[in-house]
Amino acid sequence: MPEVAPTRAPTRGSVVVAGRYRLLDQVGSGGMGSVWRAWDERTRCLVAVKVLGRHSSALLARFVREQAVRVRHPHVVAPHGWAAEDDLVVLAMELVAGGSVADLVREHGPLDAGTAGLLVEQLLMGLAAVHGAGLVHRDVKPANLLLEATGDDAPHLRLGDFGVAAPIADRRFTTVPGAIGTDGYMAPEQARGAPPEPSQDLYAVGRVALELITGLPPSRQGPIPSHPLRPLVERLLVADPEQRLASADAALRLLRRLPRPEPAGPPVPDRLGPAPHPRRTTWGRFPADVDWVGWAAALGLAGVVVGCLCVLLGWSS
């Protein structure tokens, strides 16, 4: 068994990691640990911070791999910093407040063709940037497709969670006979332990697209129904990687040739709400949270108290 180090549970607003990230409230959890909304004392911005759970060697390796990803794109959310202090290790990234595509489908079922097409287009744009950086994501699924809180406007997708990403065709990240990814979304060759290739992510896009238009996870999906996105889904879900669409750019070209209606999907609300006030602040930080009226009242009261003391003690002469 790998050595496991103990980890202390962060307390809301009371933990500042490496003098920089003040953890405010927990907004999610996963296999690697918990996700917190935090205040970055250096940039004076709210960020999302992933706190590593119990430190097995496998989790540490995945954590290091994720923090090494540096892809900057409007449809990608990748770590932009990390910090460690005592037994806490954290990754910082942009805060995305609209939940995930998994949330959207779970709550609303099948999406209209316009919204489904837009989300698939944005996902392919993000993947084109990831593949252009020489990486394969290897875990494309609705839970890893984050959404900006756009309200009634068109959705804005961000591809996240690069914990199992790997360089293209790097056999060091291949595990045979095991596989890296999520059952149902993995391409057949990926499930057999093939080296990482972009076409594996494209197969996963096909599974995601089919889930968007049917509302069903891969384990319950049947034949591809008649739909405006069907020509694309058919080309993505080809079992033979040699016959599958070769790149995200090729998939985008095909998608943009298909007739699609305007998006008419459900709104994407802010699922996080206002950030809580930190329990302790440093003067000059968190300016939006300073209660200036309260401070003025307190100072005024202090002045009255001091004046009364002066009178009582005869200092007013």
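Each reported figure results from applying straightforward, stated rules to the coordinates on display, with no laboratory input. Small disclaimer: the values here were computed from a predicted structure and weren't measured. Cβ placement follows ideal geometry from the backbone for every residue including glycine, while neighbour counts extend to all protein chains displayed.
What list do you get for M125, M93 if you sort them by fewest beta carbons within 10 Å?
Fewest-to-most Cβ neighbours within 10 Å comes out as M125, M93.
Would you order F63, F162 from fewest to most other beta-carbon atoms within 10 Å of each residue's own beta-carbon?
Neighbour counts put them in this order, fewest first: F63, F162.
Let me know the Kirkwood hydrodynamic radius for segment 101-257, please, with Cα pairs as the basis and the value in Å to one decimal.
By the Kirkwood definition, the hydrodynamic radius is 15.5 Å.
Taking the Cα centre of segment 95-248 as origin, work out the dipole magnitude from +1 charges on Lys and Arg Cβ and -1 charges on Asp and Glu Cβ, in debye rounded to 20.
About 420 debye.
Note down the nm distance, to one decimal, between modelled labels 7 Å out along Cα→Cβ at A275 and at T43.
1.1
Step through the residues of segment 186-193 one at a time and calculate ³J(HN,Hα) from phi using the Karplus curve (6.51 cos²θ - 1.76 cosθ + 1.60, θ = phi - 60°), rounding each to whole Hz and writing x for Gly and Pro.
Once θ is set to phi - 60°, the couplings for segment 186-193 become 6, 5, x, 6, 5, 5, 8, x Hz.
Within segment 118-137, list the residues whose amide N lies under 20 Å from a label point set 7 Å along Cα→Cβ of R70.
Flagged as within label range: 127-137.
Around S29, which amide H atoms from residues at least 5 apart in sequence, or from another chain, sit under 5 Å from its own amide H, with H modelled in the peptide plane?
Close amide H contacts, sequence-distant or interchain: V35.
Count charges around L254 for me, please; just the other residues with Cβ under 13 Å from its Cβ, Lys/Arg as +1, Asp/Glu as -1.
+4
Can you tell me the length gained on complete extension of the stretch A84 to S226, counting 0.36 nm per residue apart and subtracting the Cα distance?
Here the answer is 46.0 nm.
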